[in-house]
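Worksheet: one structure, shown below.
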Amino acid sequence: MIFGDFIRNKEIRKRVIKEELGAEEDEIPERVVVTPIPLNTQFPKNFEDILINMGIKVNRLKVGDQILQQFQGNLFLEKDGSRGFIAFIGRGLIDFTERIRILATISQIKDILFIGTAGSLSNEILIGDLNIPKYVVPFENISDFYVDPTAAIPQADETLLDEIYEYAKETEAKAYSALHATILFPYSETTEFLNYLVNIGVSTIDMEVSAFYKVTKFYGKRAVAVLRISDMPLIELHKQKELIKVKREIAINAIFKIVLRFLKLI
């Protein structure tokens with residue numbers, strides 16, 4: 001079986017989507033949330049109990065991929081006719097790009113929200129704040145294997161960005177929309193390179209958002225990313241551990257609320 005033929009071969013496509021996402025293609029709703037980080041680190045503790053207490057039906061989906069299995073699968077959520085799908089689709093550019101491409105080829109999906117973490121290079125955007133970038137500087141070329149980089153510009157959908165930014169302003173976390181960059185690997189960071197990014201106006205960095213914006217744009221999806229600041233690599237913060245812990249919890253709760261608003265579940 002040649003898995004790369006999944007786009008044009010229905011039988012292979014059915015197997016690939018079930019294996020990688022845990023769902024049948026026709027079950028997936030119009031709005032989807034994706035993350036390169038396991039859900040139990042993105043959401044509040046006991047988040048499934050919180051959802052159930054809110055009257056939201058929770059359905060855990062088992063994925064076939066052996067690496068993804070250890071992270072407990074993806075989620076279907078439903079309440080009062082609104083349905084949402086939340087998928088952990090792998091960390092790092094290669095795994096993430098493979099699976100976001102699979103997801104982006106599903107025709108009924110219209111809007112995709114990325115939730116993840118980022119490092120801040122700015123003295124203003126601090127740990128526990130949120131960045132919702134409109135533009136991304138792509139210091140990666142993995143996604144170029146799948147999409148034409150001259151046609152797939154790494155840019156958020158403006159209407160969706162405005163929607164998510166409004167949701168973010170309703171939370172206790174501080175929200176920004178600042179220039180972002182995606183790098184290939186964590187060990188490609190050097191002090192010199194990060195200072196170069198600062199000098200060209202980059203505020204935050206991660207390892208997936210460029211590919212997310214390019215692939216979703218290439219396949220005609222509206223997309224936006226909301227990033228929780230988890231570290232500040234150029235700034236020493238060891239004396240602020242307690243404050244950081246509090247701000248981290250505020251940001252996690254904010255992301256959780258934004259996701260539920262995006263999926264029209266609250």
Quick check: anything in the stretch 185-203 within 17 Å of residue 35 (Cα to Cα) and among the β-branched types (Val, Ile, Thr)? no
In the stretch 7-45, anything of a type in the set (A, V, I, L, M, F, W, C) and modelled with pLDDT of 90 or more is listed as 28, 32, 33, 34, 43
Tally the residues that are surrounded by 20 or more Cβ atoms within 10 Å (Cβ to Cβ) and under 28 Å from residue 250 (Cα atoms), restricting the search to the stretch 81-99. 9
Does the stretch 208-224 contain any residue that is out of contact with any Phe, Trp or Tyr (no Cβ under 6 Å at 6 or more places or on another chain), farther than 24 Å from residue 98 by Cα and not basic (Lys, Arg)? no
Of the residues that sit in the stretch 100-137 and are free of Cβ contacts under 8 Å to residues at least 60 places away in the same chain and not charged (D, E, K, R), which one is surrounded by the most Cβ atoms within 10 Å (Cβ to Cβ)? 135
Report the residue count in the stretch 139-154 for those that are surrounded by fewer than 19 Cβ atoms within 10 Å (Cβ to Cβ), within 19 Å of the chain's Cα centre (by Cα) and of a type in the set (A, V, I, L, M). 1
So which helices (runs of 4 or more DSSP H) stay within the stretch 119-233 end to end and still have 2 or more residues that are on the phi < 0 side of the Ramachandran plot and among the charged types (D, E, K, R)? 158-169, 209-218
So which of 170, 140 ends up being under 26 Å from residue 246 (Cα atoms), out of contact with any Lys or Arg (no Cβ under 7 Å at 6 or more places or on another chain) and in contact (Cβ under 8 Å) with a residue 24 or more places away in the chain? 170
Which residues, counting only those in the stretch 73-102, are over 16 Å from residue 33 (Cα atoms) and modelled with pLDDT under 90? 92, 93, 94, 95
Are there any pairs, at least 6 apart or on different chains, whose C-beta atoms fall under 6 Å, with the first in the stretch 188-210 and closer than 20 Å to residue 132 by Cβ and in contact (Cβ under 8 Å) with a residue 40 or more places away in the chain and the second in a loop (DSSP other than H, G, I, E, B) and of a type in the set (S, T, N, Q), and if so, which? 203/122
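The values are calculated or read from the model by the stated rules, or taken from the named source; none is laboratory data. What you see is a predicted model; the values in this text were computed from it and never measured. Using ideal geometry, Cβ is built from the backbone for each residue, glycine included, and neighbour counts are taken over all protein chains shown.
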